[in-house]
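Asker: Here's a structure for you.
Rule-based calculations on the coordinates, nothing more; no lab input. Because the structure is a prediction, the values reported are computed rather than measured. Heads up, the Cβs are rebuilt from the backbone with ideal geometry, glycines too, and the neighbour counts pull from every protein chain shown.
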Amino acid sequence: MRRDPSPSSPWGLAAAVFVVACAGFSFGVPAARAAGFVLRDDVQRKVTFAHPPLRVITMLPSITETVCALAACDRVVATDRFSDWPMQVRALPKAGGLVDVEIEMIVRLKPDLVLLGRSQRISSRLGELGISSFVLEARSYADIGRTVTMIGQIFGLQNRAAHLNDSITNAVHEVAAQETARNHGEGPTVYFEVDPGPYAAGSSSFIGELLALLGARNIVTPELGPFPKLNPEYVVRHDPQVIFISPAEAPQLIERPGWDRIRAVKERRLCSFPPEVRDTIVRPGPRVAQGMHSMAECLKRVAP
């Protein structure tokens, strides 16, 4: 039997965020809107709401997780195929992914609203079909809190959103404080690969910002953007001491031209995580403190 998570474990951090957010419900009734309202999404469209939506399709895992962390999972009628947390969303209909959204399924489910990522360029088509959509994009750490706030406004759950943001912030600060107390001196240089393009998590991404709080020094500088595609030679030239990489790619690193000269590869200073853990790291949602904790534990094991 699986034990309940302890507050000091990575699973416990996620549970704590979820429980504290839910506990905040007693501080006041979620704000309801008697009249219509207008909000601007992340592609600068003004979207009009007659009332908070009751039937919602979420098309990004981080959005799904945020909606459910606001205790509004009962309003979700379908998700993208990658949304798998919390457990209850796994049984919902799956309306495709980033590039193959199933428009016919969405129409058939008659949602009040579809919550999309910026790369899912279907808002115009949905509008033609009479379906309202709202685009959200979280690339920086600040964007996570802004997205929570925006979803809270859409759902009429502003109080819950405020408590959830406080819980996320406190959990992140707790992990950072533990690492600050443990570490002394200059942190390791790191490279975080999000996709074998190679696409990296730069220092201006939410992943990069959390790594910085752990004392790590990202080789991908801010001017390159939050998630740039790199020339592989860039990584060789900057010779990181630790590499964050998917388990599938880790064994192949030494086969990449020149990468056998990188310190992290030569010395096997690699951080790889199973999918369920990696999801907490790469999804800009309510479990980021759990992901940050996992990165901290790996740095503690492998950094020079």
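Asker: Order of 123-130, 231-238 by packing, highest average Cβ count within 10 Å first?
Answerer: Details: 123-130: 13.1, 231-238: 14.8.
Descending packing order for the listed peptides: 231-238, 123-130.
Asker: Can I ask one more? Please list, in order along the range 263-278, the HN-Hα scalar couplings obtained from phi with the Karplus expression 6.51 cos²θ - 1.76 cosθ + 1.60 (θ = phi - 60°), rounded to whole Hz, x for Gly and Pro.
Answerer: 4, 4, 6, 4, 9, 6, 8, 10, 10, 10, 10, x, x, 5, 7, 4
Asker: Same structure again: For the pair Ser124 and Arg108, how long in nm is the line joining their label points, each one 7 Å along Cα→Cβ?
Answerer: Distance between the two pseudo-spin positions: 2.7 nm.
Asker: Then there is this: If you wrap a convex hull around the Cα atoms of the range 84-189, how much volume per residue is inside, in Å³? Write out the running numbers ahead of the final one.
Answerer: Numbers: hull volume 16.3 nm³, N = 106.
Given the Cα convex hull of the range 84-189, per-residue volume reads 153 Å³.
Asker: Which value results for Rg/Rh of the range 187-304 when Rg is the Cα radius of gyration and Rh the Kirkwood radius based on the inverse mean 1/r?
Answerer: Reported Rg/Rh (Cα atoms, Kirkwood Rh): 0.92.
Asker: Quick one: if you stick a label point 7 Å off each Cα along the C-beta vector at Asp166 and Glu223, how many nm between them?
Answerer: If labels sit at Asp166 and Glu223, their model points lie 4.2 nm apart.
Asker: At what distance in nm do the modelled label points of Asn231 and Asp100 sit from each other, each positioned 7 Å from its Cα along Cα→Cβ?
Answerer: Simple spin-label model gives 3.5 nm for this pair.
Asker: With the dipole of the chain worked out from charges on the C-beta (+1 for Lys and Arg, -1 for Asp and Glu) around the Cα centre, which of Pro275, Val107, Ser167 lies farthest toward the positive end?
Answerer: Val107
Asker: What does the charge count around Arg278 come to, taking other residues whose C-beta lies under 13 Å from its C-beta (Lys +1, Arg +1, Asp -1, Glu -1)? Write down the numbers at each step before the final one.
Answerer: Details: positive: Arg283, Arg287; negative: Asp84, Glu193, Asp195, Glu249, Glu276, Asp279.
That works out to -4.
Asker: Determine the distance separating the Cα centre of the range 46-90 from the Cα centre of the range 92-130; give it in Å without decimals.
Answerer: If we compute the Cα centre of each part, the gap is 12 Å.
Asker: Here's a follow-up. Taking 25 Å as R0, compute the FRET efficiency from the Cβ-Cβ separation of Thr180 and Arg301 and round it to 0.05. All intermediate terms of the calculation are to be shown ahead of the outcome.
Answerer: Working: r = 18 Å, r/R0 = 0.73.
So the FRET efficiency works out to roughly 0.85.
Asker: Normalised radius of gyration for the chain, please: alpha carbon Rg relative to 2.2 N^0.38 Å, two decimal places. If you can, show how the numbers build up before the last one.
Answerer: Details: Rg = 20.1 Å, N = 304, 2.2 N^0.38 = 19.3 Å.
With N residues counted in the chain, Rg over 2.2 N^0.38 Å equals 1.04.
Asker: Turning to a different aspect of this structure: Suppose R0 equals 51 Å; then what is the FRET efficiency for Asp239 and Ala91 from their Cβ-Cβ distance, rounded to the nearest 0.05?
Answerer: Values: r = 47 Å, r/R0 = 0.92.
For Asp239 and Ala91, the calculated efficiency is 0.65.
Asker: In debye, nearest 20, what is the charge dipole magnitude of the range 220-302 about its Cα centre with +1 on Lys and Arg Cβ and -1 on Asp and Glu Cβ, if you could check? Mind dumping the intermediate values first?
Answerer: On the way: 13 positive and 10 negative charges, 35 e Å.
The calculated dipole for the range 220-302 is roughly 160 debye.
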